[in-house]
Amino acid sequence: MQLNRFVMGGVAAVAVVAAGAAYFMFAGSKPAGGPPGMGGPAGMGRPAPVNVTRVTFEMFDDHIEAIGTSAANESITVTAKVTGVIRALTFDDGQFVKKGEEIAAVDAGEVDARLNVELANVDEQRKELQRIMGLAESNNVSRARVDQQVAAVKKAEANAAAARARVGDFRIIAPFSGVLGPRRVSLGALVQPGAVITTLDDISTIKLDFAVPETFLATLRPGLDIEATTSAYRDEMFKGQVVSVDSRVDPVTRSVGIRALIPNSEARLKPGMLMVIDLIKDRRQSLMVPEQALLPESNKNFVFVVGPDSTVSRVELTLGRRRVGAVEVLEGLKEGDIVVVEGIMDLRPKAKVDIKNRDKIGTGLPSADVRTEMKGPS
């Protein structure tokens with residue numbers, strides 16, 4: 001019995017070996033083509049389906065993000081200069097005023113009267129000067145008397161100018177064009193020097209002050225573009241330019257102050273708003289490729305470039321800065337090169353490819369050369 005079992009086991013083993021040999025002999029008669037893109041011994045594999053893109057120059061720039069606070073281009077608190085009673089308020093809350101327009105006036109009865117006295121004196125002294133000059137022409141008065149009267153006229157004019165200046169202190173004039181804030185006093189109120197009447201802001205242009213790390217100091221300069229956003233207008237971008245870079249670096253924060261200006265003709269931005277700033281620097285034309293085209297390996301990056309014969313070659317790149325979805329290419333590619341962006345993992349160098357998005361890339365692509373799998377001998 002044991003001998004029979006041993007014989008039967010040997011027969012079964014021989015049968016398995018024979019079946020394996022038959023399988024490999026049968027497989028050897030099959031076509032030599034491998035997986036798509038692998039090529040096979042003589043490049044007879046099916047072309048690998050891929051999507052490609054053309055390498056082009058694009059505008060590329062570096063960005064620095066910061067947070068800043070908006071401020072009016074010009075801003076003052078309008079106050080009274082003298083003690084008196086408010087006799088005129090010539091504005092409404094939020095009104096726009098032009099430079100030189102009156103905002104408010106304090107009662108200046110006594111000062112006005114004093115100005116009238118000085119103006120009358122000027123007129124009198126001028127007439128006396130004319131009379132004396134007439135006498136001097138006929139030698140009926142000395143030259144010293146003429147000089148004395150000229151001095152009297154100048155003194156009267158100076159007194160009138162001083163009185164006019166004192167009257168001006170009772171009138172509050174807009175020093176620049178802007179928007180007035182709410183009134184802080186009422187008509188007839190008694191005010192003291194320094195009493196707040198309202199505010200005046202020129203918001204036709206908004207100043208934006210922010211700070212960036214000192215490591216970027218070498219690339220900072222007036223004229224750089226900025227883009228700013230605020231929670232008040234979430235879907236809107238406000239553009240401006242850097243106008244100054246602080247001459248000092250903060251020794252505590254190791255940052256440098258930047259001031260930018262943003263046009264605000266529609267007065268949508270207000271002083272005191274928190275804004276997120278995107279400072280744009282080193283703007284330049286650079287070759288760009290999509291990030292998905294990269295094939296990282298160790299510390300290197302490669303792409304597959306499609307040649308004129310629809311075969312690919314693996315090219316090592318020297319990369320620069322990155323942005324969302326794309327990367328700057330410093331070395332390795334030239335404008336117009338065709339790189340694979342989809343189907344990379346199935347490719348090997350010298351593999352044949354079939355470009356699926358040919359209609360979207362345009363002219364100048366390698367001609368379609370899709371070879372069918374060759375049959376082995378029957």
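The values are calculated or read from the model by the stated rules, or taken from the named source; none is laboratory data. Predicted model, so just to flag it, every value in this text is computed and none were measured. When we count neighbours, we look across all protein chains shown, and the Cβ atoms used for this are built from the backbone with ideal geometry, even at glycine.
Would you say T205 is under 16 Å from the mean Cα position of the chain (by Cα), more than 15 Å from I277 (Cα to Cα) and surrounded by 15 or more Cβ atoms within 10 Å (Cβ to Cβ)?
Considered against the rule, which asks whether it is under 16 Å from the mean Cα position of the chain (by Cα), more than 15 Å from I277 (Cα to Cα) and surrounded by 15 or more Cβ atoms within 10 Å (Cβ to Cβ), T205 comes out as yes.
Matching residues to (1) at pLDDT below 90; (2) polar (S, T, N, Q); (3) more than 30 Å from S204 (Cα to Cα); (4) within 32 Å of the chain's Cα centre (by Cα):
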{"residue": "M275", "(1), (2), (3), (4)": "no, no, no, yes"}
{"residue": "D282", "(1), (2), (3), (4)": "yes, no, no, yes"}
{"residue": "V289", "(1), (2), (3), (4)": "yes, no, yes, yes"}
{"residue": "F302", "(1), (2), (3), (4)": "no, no, yes, no"}
{"residue": "R314", "(1), (2), (3), (4)": "no, no, yes, no"}
{"residue": "V327", "(1), (2), (3), (4)": "yes, no, yes, yes"}
{"residue": "K334", "(1), (2), (3), (4)": "yes, no, yes, yes"}
{"residue": "L365", "(1), (2), (3), (4)": "yes, no, yes, no"}
{"residue": "P377", "(1), (2), (3), (4)": "yes, no, yes, no"}
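Among L129, L135, which is the only one that is surrounded by 13 or more Cβ atoms within 10 Å (Cβ to Cβ), farther than 30 Å from I86 by Cα and at pLDDT below 85?
L135
Would it be correct to say that E157 is assigned by TED's automatic domain parsing to the domain that holds G68, surrounded by 14 or more Cβ atoms within 10 Å (Cβ to Cβ), of a type outside the set (K, R) and free of Cβ contacts under 8 Å to residues at least 60 places away in the same chain?
no
Do you know which of the residues in the range 65-96 that are closer than 30 Å to F216 by Cα and polar (S, T, N, Q) is surrounded by the most Cβ atoms within 10 Å (Cβ to Cβ)?
Out of the qualifying residues, it is S70.
Out of all the residues in the range 53-64, which are surrounded by 18 or more Cβ atoms within 10 Å (Cβ to Cβ) and either touching a Phe, Trp or Tyr at 6+ places or on another chain (Cβ under 9 Å) or not hydrophobic (A, V, I, L, M, F, W, C) (or both)?
If the condition is that a residue be surrounded by 18 or more Cβ atoms within 10 Å (Cβ to Cβ) and either touching a Phe, Trp or Tyr at 6+ places or on another chain (Cβ under 9 Å) or not hydrophobic (A, V, I, L, M, F, W, C) (or both), then T53, I64 are the ones that fit.
Per-residue answers, yes or no, for (1) among the charged types (D, E, K, R); (2) touching a Phe, Trp or Tyr at 6+ places or on another chain (Cβ under 8 Å); (3) under 24 Å from A72 (Cβ atoms):
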site: G240; (1), (2), (3): no, no, yes
site: P251; (1), (2), (3): no, no, no
site: E266; (1), (2), (3): yes, no, yes
site: L269; (1), (2), (3): no, yes, yes
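Please state which one of R283, R268 is surrounded by 13 or more Cβ atoms within 10 Å (Cβ to Cβ) and basic (K, R). I'd like the intermediate steps shown before the answer.
Numbers: R283 fails: surrounded by 13 or more Cβ atoms within 10 Å (Cβ to Cβ).
When all the criteria are applied, what remains is R268.
Show me the strands (runs of 3 or more DSSP E) entirely contained within the range 89-181 in which 1 or more residues are farther than 30 Å from L269 by Cβ.
102-106, 171-173
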